[in-house]
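Take a look at the structure set out below.
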Amino acid sequence: MRKQVLCEEVLSVLDKIMPGQSRMRGVMLYEMHLPCVMIANRQLQLGPGSGADPKKIKTSLKKGLQCLKQGLNILKLQPAGSFESKIVEGSQKSLVELENWVKTISEAL
């Protein structure tokens, strides 16, 4: 997906100009988790016989989970009441759901 590619490009630039755990890195990682998960879910929806590679599906889901966790860990460092802190608050349920989904799919495939 285009969004994933753009986030990866921005993260690559941030590695050079702002290495470390910056607010922008946290936001980019948070934004990148969704396309990873969506790609995997689309492949799952195609079902058996579609040519979808179970290993790639699991890898994409795990990457999405990793991006979400890393992004939220960075954004937790932002001041209370900030936009970023609201992202963290609003994403706790999604984090648990995604962890459960990754576990379920990893066991099933």
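Between Leu68, Leu14, which is within 19 Å of Met1 (Cα to Cα), touching a residue at least 12 places away in the same chain (Cβ under 8 Å) and touching a helix residue (DSSP H, G or I) at 6+ places or on another chain (Cβ under 7 Å)? Give the steps one after another, and end with the answer.
On the way: Leu14 fails: within 19 Å of Met1 (Cα to Cα).
That would be Leu68, the only listed residue that is within 19 Å of Met1 (Cα to Cα), touching a residue at least 12 places away in the same chain (Cβ under 8 Å) and touching a helix residue (DSSP H, G or I) at 6+ places or on another chain (Cβ under 7 Å).
Quickly run through the range 57-69 and pick out the residues that are of a type outside the set (D, E, K, R) and open to solvent by 80 Å² or more (accessible area, probe 1.4 Å).
Thr59, Gln66
Conditions (1) over 12 Å from the mean Cα position of the chain (by Cα); (2) within 24 Å of Val88 (Cβ to Cβ), marked per residue:
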position	(1), (2)
Cys7	no, yes
Val10	yes, yes
Met24	yes, yes
Lys58	yes, no
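Give the residues of the range 90-109 that are free of Cβ contacts under 8 Å to residues at least 12 places away in the same chain and either among the small types (Gly, Ala, Ser) or surrounded by 13 or more Cβ atoms within 10 Å (Cβ to Cβ) (or both), sorted by residue number.
Gly90, Ala108
Quick check on the range 5-26: of everything there that is out of contact with any Gly (no Cβ under 7 Å at 6 or more places or on another chain) and buried (at least 17 other Cβ atoms within 10 Å of the Cβ), which residue is farthest from Gly71 (Cα to Cα)? Spell out how you get there, then give the answer.
The first filter runs over the range 5-26 and keeps only residues out of contact with any Gly (no Cβ under 7 Å at 6 or more places or on another chain), leaving 5-25.
Of the ones still in play, those that are also buried (at least 17 other Cβ atoms within 10 Å of the Cβ) are 7, 25.
Details: Cys7: 12, Arg25: 7 Å.
The extreme case among them is Cys7.
Which one of these does Tyr30 not meet: (1) open to solvent by less than 50 Å² (accessible area, probe 1.4 Å); (2) at pLDDT 95 or above?
Here Tyr30 meets the rest and fails (1).
Anything in the range 71-89 that is among the aliphatic types (A, V, I, L, M) and without any contact (Cβ under 8 Å) to a residue 24 or more places away in the chain? List them, or say none. Before the answer, list the steps.
Our first condition is that a residue be among the aliphatic types (A, V, I, L, M); within the range 71-89, this holds for 72, 74-75, 77, 80, 87-88.
Within the range 71-89, Ala80, Val88 qualify.
Considering each residue of the range 70-83, count those that are open to solvent by 20 Å² or more (accessible area, probe 1.4 Å) and within 17 Å of Leu11 (Cβ to Cβ), and give that number.
2
Just wondering, is there one or more residues in the range 70-83 that are in contact with a Gly (Cβ under 6 Å, 6 or more places away or on another chain), part of a helix (DSSP H, G or I) and among the small types (Gly, Ala, Ser)?
First pass over the range 70-83, keeping only residues in contact with a Gly (Cβ under 6 Å, 6 or more places away or on another chain): 71, 74-75.
Keeping just the survivors that are part of a helix (DSSP H, G or I) gives 71, 74-75.
Restricting the remaining residues to those that are among the small types (Gly, Ala, Ser) gives 71.
Yes, the range 70-83 contains at least one residue that is in contact with a Gly (Cβ under 6 Å, 6 or more places away or on another chain), part of a helix (DSSP H, G or I) and among the small types (Gly, Ala, Ser).
The values are calculated or read from the model by the stated rules, or taken from the named source; none is laboratory data. Fair warning: this is a prediction, and the values are worked out from it, not measured in the lab. Backbone-built Cβ (ideal geometry, glycine too); neighbour counts: all protein chains shown. Heads up: the accessible areas ignore ligands, DNA and RNA and are worked out on the full protein's heavy atoms, side chains in. Shrake-Rupley method; radii C 1.70, N 1.55, O 1.52, S 1.80 Å.
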